[in-house]
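First up is the structure itself, then whatever we jot down about it.
Read the figures in this text as sums done on the coordinates, not as results from a lab. On a predicted model such as this, the values are computed, not experimentally measured, just so you know.
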Amino acid sequence: VLASLPLQVMLYFNVYYFPVWCLAEGMMLQLKYHLLPWHYQFLLVTAYLILSLAEGSRLYLGYLGNLQEK
């Protein structure tokens, strides 16, 4: 079984676009943070952190699994 080239290409581009997404999302969160009620502030920050951690883990595991053929 060989590594999947289309998967590797998608992972490659996603690794470069993920920091751009994080930066843009973080800037938008910072701009609107003070305008929101406290419960929306908490929900947005929590969702941002969970999505960032999940995407980072997905990219790491994708690289690990695809390159080691697991």
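Here the 3J(HN,Hα) profile of the stretch 16-33, calculated from phi with Karplus coefficients 6.51, -1.76 and 1.60 at θ = phi - 60°, is 7, 7, 4, x, 5, 4, 4, 5, 5, 5, x, 5, 5, 5, 5, 5, 9, 4 Hz, Gly and Pro shown as x.
For the chain, relative contact order (Cα pairs under 8 Å, six or more residues apart, normalised by length) works out to 66 percent.
Counted over all Cα-Cα pairs of the stretch 5-69, pairs farther apart than 15 Å make up 59 percent.
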